[in-house]
Structure formats: structure tokens, C-alpha cells
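What follows is a set of notes on a single structure, which appears directly below.
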Amino acid sequence: MAIQISRREVMNNLIRFKDALLEQNQGKEDSTGRTYPVLVNRKTGDIRFAERVSQLEHRLPKPGKPATSLADWREVRIHVSTENPKIVHFELLDERETELKSDGMEILAWNILNETIQVLNQIAESHPPSSPEVLPEEAVLQDLSEIHLASPSVSIQAMPGWHGPIDRYEAERLLRDEPAGTYLLREGDSLTKEITELLGEKIYPYLCTIIESEQRISDILLLQTPKGWTLYEDCFDLTETTYY
């Protein structure tokens, strides 16, 4: 059964879960199933199998490098329900072991977390437990070869808000008197094209011009790379952890 995912971060989360199980991390067991303490990044949706945020400190890049901070991480739970021996169900819980809410998380991170759980449940539905000697979650994660990254179905040029090769002055004119949050998409200008030439890869620059609070208009530089989309973070090394 082929499963398509929208972002590679979902696959990364699945691989980390599989690796944690291989390392004999069997979670806390009760009558309803097993619960795994994990950390989730509020900005990126990354999952790390550690019980406390402090355990991540040694894994973060050294000071001086742009990176995620400890404050970006939140302690949550992945619960594997096995009350029905023929049905396995995964869900995200908060610190109090109630349903996890999106409070304090960016939309991207929330979508990645939910898609990770949806994929686990999708596999579980098609691969019910078959052996009492193997944990159901181990069976679900045993073979990830059928999971594939979906190809983008819509180009940026086909999106609402695309205005092509207009400059900043025209963008501001079009946005004048519009409410905060209104934006348009346009081709990168000469400056952004110079930046992408320094990145050393096939990178295509685009700009999102948006009205922020108090009618302030800002440009966000979007980069289309061979590995997907990212926001330019004032660093020419796309391998830095600031990029995702």
C-alpha cells in the first residue's frame, strides 16, 4: 500500500520512532496500551525521543550558530492504544495525557505532527497485529519503503496572489489600504537573485510581500531548492540547522 506524505519531516519523525524502538525504548505500559514521552519542536514539528527538554541540550549546535533553542521544544506523549488486540491506534497527548492542542505551535509544526500520526494510523489499519512477540508499533514501523514524498501539484505561479515580475514599488501600490495579513507573491528581484547565485545550487528565489501590523509592509524571501522550499535566514550555507 503506497502512502504519500506532504513533507519529508514526516518521514524523519517515523524513522526516529523506529530507531527509538530498536534501542529498546518500550514506553510506559498500562491497561490501555503504551505511552512514549517525546519532545516536539513548536516551530518545525520535529519529534525527539527524550523525556525532558534538558536532555536535548547536548544535541543542539554550539553557541554562535543559528539554530533552534531549548524554548522551542515541548514535552508531550505518543500513546499507542492496544485495548482491542485487533486494532492499534496512535494519538498525541499533552503533559497531562489529554488530547494535544495546537496552542503555542506554529501551523507548519502542527500539520507535520498530525500528518505523522495519521500515517501511523493509516499503516496500522492495513497491517493489524499478527504476532504477540512483536509490539504493534514495531510491526507498523517495520517497513517504511511504501511511504513516498508527494510531488507538488501546484506551482507557485498558479497560486492565488501570484503577480509575476513586479517590483517592490508596484507591490506596495497593490497592497495599499489592504488589511494586515494581505500578501502577494512575486518573482525575486536582482538582489535576491544575487543572493541565490552565492548559494551554489539550483535555487529559485521568490518574494512574499505582506502587510504586517500597523500597515508595515515586509518582504519574505522564499527559496525553492532541490530538496524543497525554505525561508532565507541570512545565511549562505543551506546545511545549517536554521533551515528546514
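List of remarks:
- Here Phe49 sits with roughly 40 square angstrom of accessible surface, probe radius 1.4 Å.
- Relative contact order of the chain, pairs being alpha-carbon contacts under 8 Å that are 6 or more residues apart, as %: 16
- Between the alpha-carbon centres of the range 131-171 and the range 176-244 there is a gap of 19 Å.
- Estimated inter-spin distance, Ser145 and Thr241, nm [label 7 Å along Cα→Cβ]: 3.3
- Expressed as a whole percent, the accessible area of the chain that falls on carbon and sulfur atoms is 49 (1.4 Å probe).
- Measuring with a 1.4 angstrom probe and ignoring ligands and nucleic acids, Leu191 comes out at about 110 Å² accessible.
- Calculated accessible area for the chain comes out at 60 Å² per residue, all protein chains present (probe 1.4 Å; ligands, DNA, RNA ignored).
- Spacing of the modelled spin labels on Glu106 and Tyr204, each 7 Å from Cα toward Cβ, amounts to 2.3 nm.
- Against the chain, whose longest principal axis is taken from its Cα atoms, helix 8-22 shows a tilt of about 30°.
- Rounded, prolate or oblate (a/c below 1.5 giving rounded, otherwise prolate when a/b exceeds b/c) for the chain by Cα gyration tensor: prolate
- With respect to the chain, whose longest principal axis is taken over its alpha-carbon atoms, helix 107-126 is tilted by about 40°.
The values are calculated or read from the model by the stated rules, or taken from the named source; none is laboratory data. Keep in mind it's a predicted model, so treat the numbers as computed, not measured. Note: ideal-geometry Cβ built from the backbone for every residue, glycine included; neighbour counts use all protein chains shown. Ligands, DNA and RNA are excluded from the accessible area calculation, which covers all protein heavy atoms including side chains. Shrake-Rupley method; radii C 1.70, N 1.55, O 1.52, S 1.80 Å.
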